[in-house]
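Worksheet for the structure shown next.
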Amino acid sequence: MGLSPLLAAYDNVLLDLDGCVWIGGTCTREAPEAVSALRSAGKRLAFITNDSSRSPEDYVRKLWSLGLQASLEEVVTVGAAIQYALAAKPSTGVYVIGSEEIFRHVSESGHQILNGTGRERDAQVVVVSWHEGFNYAELRSATQAVSEGAEIIAAGRDRTFPAEDGPWPGSGSVVAALEYATGRSAQILGKPDPRIFRTALDRLGDGRTLVVGDRLDSDVAGAAAAGLDAAIVLTGVTSSEDARAAADPAPVAVARDLHELVVAG
Ligand SMILES: [Mg+2]
């Protein structure tokens, strides 16, 4: 199984997971074969996700369970980017909207988590990502902390992500609610912020790099911000018309799915 001429020209390939490698618990068509072909050709790979609800270990397990070989180093989540950014700040109180995984990253950054202490509004930083238990009380605490001066750090602006029963609201929808309530803007550390791609390239090393994903507003825009090429697959949220109409920045390729993009013929 040879590589397509397009992929043969790159050294590093940064693969989006949701809507590109898989949708929910199911691989996109022949995604394992596409990843194997990249490995056989000696390409360096990273799997990138704005989904902060699970740990890199969980992703490695899921990748293997679906027939895709991957190492822990190859998985780059936005949670790691949030932890990195927080670790650079002086010790402070943080209010968290997010999964257990985000709580762990914030805790490991060395800051105090104020959730449940009665001092939520004293937080100097509010960290936001989607999670299934998101509720009004969280939005209220976050709104009060931000109104008293806390900055907002968020996992991403993805409006939705694809699930097996249709789109689910993503971190962007939760961030939008907090921004609307407070009139303040969040600092975004997931795609399209380039830092998540730079984190991956720190691990992979230099070389010609292609980002592959299903979203123009996060994968293609983020790649452009990082100075990287991007290709769009149509297995997620972007339609063929949208992908072809996208002029700035334009993807270097639009493919029906990852396998069609990667494998020759
Ligand atoms: Mg995606």
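Relative to the longest principal axis of the Cα atoms of the chain, the long axis of helix 195-204 lies at roughly 50 degrees. Which FRET efficiency, nearest 0.05, do R104 and R244 yield, Cβ-Cβ r, R0 30 Å? Calculated transfer efficiency: 0.15. Cross-link partners for K43 among the aspartates and glutamates, with Cα-Cα distance under 19 Å and sequence neighbours closer than 8 places in the same chain left out: D11, D16, E30, E33, E73, E74, D202, D206, D229, D257, E260. Go ahead and run the numbers for FRET between A8 and R256, Cβ-Cβ distance against an R0 of 25 Å, rounding to 0.05. Once rounded, the FRET efficiency stands at 0.85. Which of the listed residues, V78, P167, V233, is farthest toward the dipole's positive end in the chain, when Lys, Arg count +1 and Asp, Glu count -1 at the beta-carbon? The Cα lying farthest towards the positive end belongs to V78. For the pair N135 and R203, a Förster radius of 30 Å applied to the C-beta separation gives a FRET efficiency near 0.25, rounded to the nearest 0.05.
Since every read-out is calculated from the coordinates, none of them should be taken as a lab result. What you see is a predicted model, and the numbers here were worked out from it, not measured in a lab. Cβ coordinates were reconstructed from backbone atoms using ideal geometry, including for glycine residues, and neighbour counts include every protein chain displayed.
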